[in-house]
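Please read the structure below before turning to the comments.
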Amino acid sequence: MEKIAKEQGFHTLIATICMENTRSKSLFEKNGYEQCALFKEIGYKFDRKLDIGSFQKIL
């Protein structure tokens, strides 16, 4: 995906995930994404409020 995005002229990719999902967080960090935002208690699932984070990678 990153290769195609770069070929098509994208400069930055952003992923937004639930911060409780430690596997996703680790996956993005291992692939060069850096956390650029944290939104506290804006997600809601199974009667719980969740923090959502955005991760950015500059191609």
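The values are calculated or read from the model by the stated rules, or taken from the named source; none is laboratory data. Everything numeric in this text was worked out from a predicted model, so none of it was measured. Glycine also receives a Cβ, built like all others from the backbone with ideal geometry; neighbour counts cover every protein chain displayed. In case anyone asks, the SASA skips ligands and DNA or RNA and just uses the protein heavy atoms, side chains included. Shrake-Rupley method; radii C 1.70, N 1.55, O 1.52, S 1.80 Å.
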Within the set of pairs 6+ apart or on separate chains, which have a first residue in segment 44-59 that is among the acidic types (Asp, Glu), a second that is open to solvent by 100 Å² or more (accessible area, probe 1.4 Å) and assigned to a strand (DSSP E or B), and C-beta atoms under 8 Å apart?
51/40; 51/41; 51/42
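Based on what the data block shows, is residue 42 more than 15 Å from residue 56 (Cα to Cα), part of a helix (DSSP H, G or I), open to solvent by 80 Å² or more (accessible area, probe 1.4 Å) and of a type in the set (Val, Ile, Thr)? It would help to see each step written out before you state the result.
On the way: more than 15 Å from residue 56 (Cα to Cα): yes; part of a helix (DSSP H, G or I): no; open to solvent by 80 Å² or more (accessible area, probe 1.4 Å): yes; of a type in the set (Val, Ile, Thr): yes.
Here the answer is no, as residue 42 does not meet what is asked.
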Which count do you get for residues in segment 1-17 that are surrounded by 11 or more Cβ atoms within 10 Å (Cβ to Cβ) and under 14 Å from residue 58 (Cα atoms)?
7
Among the residues of segment 8-43, how many are hydrophobic (A, V, I, L, M, F, W, C) and touching a residue at least 40 places away in the same chain (Cβ under 8 Å)?
4
Would you mind telling me which numbered condition in (1) open to solvent by less than 40 Å² (accessible area, probe 1.4 Å); (2) touching a Ser or Thr at 6+ places or on another chain (Cβ under 8 Å); (3) not polar (S, T, N, Q) residue 59 fails?
(1)
From 29, 20, which residue is of a type in the set (Asp, Glu), assigned to a loop (DSSP other than H, G, I, E, B) and open to solvent by 60 Å² or more (accessible area, probe 1.4 Å)?
20
